[in-house]
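Below is one structure, written out as structure tokens; comments come after it.
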Amino acid sequence: MSVHSALEELAKYRVQNRRASQEVFEKGTSVLQKNGHSKMGDEVWDFLEQLALAAIDVGRLDVADQCLRRLSDKFPQSPRVDCLAGIRLEASEPPETALKYYSELLEADPTNVAVWKRRISVLRRMGQTEEAISELSQYLDTFYTDIEGWLELADIYARCNQYDYSLQALSHTLLLAPQNPVYVLQSAETAYTAGDLPLSLKMFLMVVDMTDGDETEFLAESTPLGITVRAWYGVKLCARRMSENPRVVTASASDASPPKHLGLLDELATERLRVAYSSAGQKGDIAQGRGIVFSWVASP
Amino acid sequence: MVSYAVSHKAYVKIFLHAAKHPHRLVNGVLIGESSSGVVDIQDVIPLLHHWTSLSPMMEIGLDLAKGYAESLDLSLVGYYQASERTDDTALAPVGERVAQQIRNQFDDAIAFVIDGDALGSGGVALIPYLPQSGAGATPWRLRSFDPPAFTPGSQITLVNPASPSHAVALVRDNRLHDKFGDFDDHLEDVTIDWLSNKACTIPSV
């Protein structure tokens, strides 16, 4: 791969915030070897930070140290470089050392958001869940619009089976990014796990609404793809559970109203899934496991 | 006492799943059959690498995996997971629930947690968990066996002792894990073959 295309790929990963560390490491080190970084202008600093993180991930701390040295030479006393140095510390020192380092930085500069978040993630890694939750909640009180923070909180709660609190955390992501179907999907799945089936069903249907083709296409003519398929699976599962156990229909912690036409929704979800598995994919491939899926949707 | 034999294919696939998502928790089920006191773990079906604490897709994946196993005259015989942290070898709460569910339908179900530290070294990277004896949904415990698991004469063995080193080579040299797909991947693109992962040809040894 040429230096130019490697740099393009790396830039793409930065924009998408992808963690593909093995690829980043391979492409990044090849760029360094071919001296490609000298022609990058100011982008080279983002590149070195990205490579440092990838190198730490794949265990090549020597390469990470090289990048870190260049960055701290260029930007002495930069909060961003300090944070990267902290991550490097986490890779080889006990977590208490990193925690102490972050606390000292925060005392000197309480607005260093990146370092605060690192501190919280170290607490989480050490198993100090209650403290992590308390600090993260404090953080979100101050920096309310940090969606990543709300998602992290939702994840921490879900891991300890506190699905109601998880759902509450997710509700903030819905307020902050109402157009994003992925957060609605995560809320639907969390609501299901929390036992609130009417809410879960409602949200799965919202995902379908947000993602299933454009409005000019009739539903019957479109093939569900990607996230829409997952949402239809969710609708089918909810409909099935609700007809197996009528009690869950009215037991909604969020007071979500039960659906009026459960039987019809079940039929619709079944039909949509059958279509998804019957059509050839975009590349003309066939759907896998079709027979198994067809029996699953058909069984009572 | 029941013994367990992990096939080459099963071991390698667990390894591929963990290798594909090194910084996430991944899980899946073991399929196989039981005969003359030996549980033959023939293959695995990978489930999730995303939102692993949430249940709907796990429930659907389990149902579909069961349907597939039955179509081959096999059963679900266990569960596996790999944690995001190499030092975390506990069976997560979601893992216990799934393992117990499988145990309700297959008496000798077993669970494996991947040993992150052993993964890269070429040693056997599976830590077995079994429920405590006694009725009820008791916690699944790390079981120590005598002889220890995966040593000669143990109740838990690899069908092929070279599986770990082969798995490392397939990931490192052939990047076979790039072709591996689980249920989460399938939900984004239904043309991904998560049930049998035929595209991942594992050479027999």
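Below, the figures for the structure above:
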| read-out | value |
| --- | --- |
| Point-charge dipole on Cβ atoms (K/R +1, D/E -1) for the stretch A:145-300, about Cα centre, debye to 20 | 600 |
| Long-range HN-HN contacts of residue B:39 with modeled amide H, under 5 Å | B:3, B:4, B:5 |
| Potential lengthening between residue A:179 and residue A:298 on full extension [0.36 nm per residue; Cα-Cα distance subtracted] | 39.5 nm |
| Highest-fluctuation residue, A:226, A:289, A:234 considered, GNM on chain A with Cα pairs under 10 Å | A:289 |
| Share of pairwise Cα separations in the protein assembly as shown, more than 44 Å, in percent | 18 |
| Cα gyration tensor, the stretch A:1-78 - rounded (a/c under 1.5), prolate or oblate | rounded |
| Pairwise centroid distance, computed over Cα atoms, of the stretch A:158-213 with the stretch B:16-84, Å | 25 |
| Distant-in-sequence amide H partners of residue A:254 (H built 1.01 Å from N, under 5 Å) | none |
| Per-residue HN-Hα couplings for the stretch B:43-53 [Karplus 6.51, -1.76, 1.60; θ = phi - 60°; Hz; x = Gly/Pro] | 7, 10, 10, x, 9, 10, 9, 9, 6, 6, 8 |
| Two-site label geometry, residue B:188 and residue B:97: point separation in nm, points 7 Å out along Cα→Cβ | 2.4 |
| Net charge dipole size for the stretch A:1-74 [Lys, Arg +1 and Asp, Glu -1 on Cβ; Debye, nearest 20] | 60 |
| Within a Gaussian network of chain A (alpha carbon springs, distance under 10 Å), most fluctuating of A:174, A:264, A:201 | A:264 |
| For chain A, with +1 on Lys and Arg beta carbons and -1 on Asp and Glu, the positive-most of A:168, A:41, A:28 along the dipole | A:28 |
| Angstrom value of the Kirkwood radius, inverse mean 1/r, which spans all Cα pairs in chain A | 22.6 |
| Alpha-carbon centroid distance for the pair the stretch A:1-70 / the stretch B:108-177, whole angstrom | 36 |
| Percent RCO, i.e. relative contact order, over the stretch A:180-278, from Cα pairs under 8 Å lying at least 6 residues apart | 33 |
| Neighbour cut-off at most 15 other Cβ (10 Å), DSSP loop, chymotrypsin sites (Phe, Trp or Tyr not before Pro), the stretch A:104-208 | A:143, A:144 |
| Contact order relative to length of the stretch A:1-74, as percent, for alpha carbon pairs under 8 angstrom and 6 or more apart | 30 |
| Hits among lysines - C-alpha to C-alpha of residue B:66 under 20 Å, sequence gap 8 or more where chains match | A:236, B:9, B:13, B:198 |
| Sum of -39500 (n - 2.57) over DSSP H runs of 4+, divided by residues of the protein assembly as shown (222 nm, nearest 500) | -17500 deg cm²/dmol |
| Contact order relative to length of chain B, as percent, for alpha carbon pairs under 8 angstrom and 6 or more apart | 24 |
| Within a Gaussian network of chain A (alpha carbon springs, distance under 10 Å), most fluctuating of A:287, A:64, A:169 | A:287 |
| 20 Å Cα-Cα reach of residue A:100 towards aspartates and glutamates, excluding residues that sit fewer than 8 places from it in its own chain | A:82, A:90, A:109, A:130, A:131, A:135 |
| Residue-by-residue Karplus 3J(HN,Hα) for the stretch A:148-162, coefficients 6.51, -1.76, 1.60, Hz, glycine and proline x | 4, x, 5, 5, 5, 4, 4, 5, 4, 4, 4, 4, 9, 6, 9 |
| For the stretch B:91-205: rounded, prolate or oblate by the Cα gyration tensor [a/c cutoff 1.5] | oblate |
| 5 angstrom amide H check on residue B:126, placed H, neighbours 5+ away | B:115 |
| Charge context of residue B:74, other residues only, Cβ under 13 angstrom, K/R +1, D/E -1 | -3 |
| For the stretch A:77-93, Karplus couplings with θ = phi - 60° (6.51, -1.76, 1.60), whole Hz, Gly/Pro x | 6, 7, x, 5, 5, 4, 5, 4, 4, x, 4, 4, 4, 4, 6, 10, 9 |
| Cβ-based net charge around residue B:113, under 14 Å, with every Lys or Arg adding one and every Asp or Glu removing one | -3 |
| Estimated FRET transfer efficiency (residue B:87, residue A:260; beta-carbon r; R0 45 Å; 0.05) | 0.30 |
| Selection from B:181, A:94, A:77, by position along the positive dipole direction of the protein assembly as shown (Cβ) | B:181 |
| Farthest toward positive dipole pole in chain A [+1 Lys/Arg, -1 Asp/Glu at C-beta], among A:299, A:268, A:17 | A:299 |
| Other protein chain Cβ atoms within 10 Å, averaged over every residue that makes up B:191-200 | 3 |
| Prolate/oblate/rounded call for the stretch B:3-188, Cα gyration tensor, a/c under 1.5 rounded | rounded |
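Just so you know, all these numbers are worked out from the coordinates, no wet-lab data involved. Model, not experiment: these values are computed from the prediction. Neighbour counts run over all protein chains shown; Cβ positions are idealised from the backbone, glycine included.
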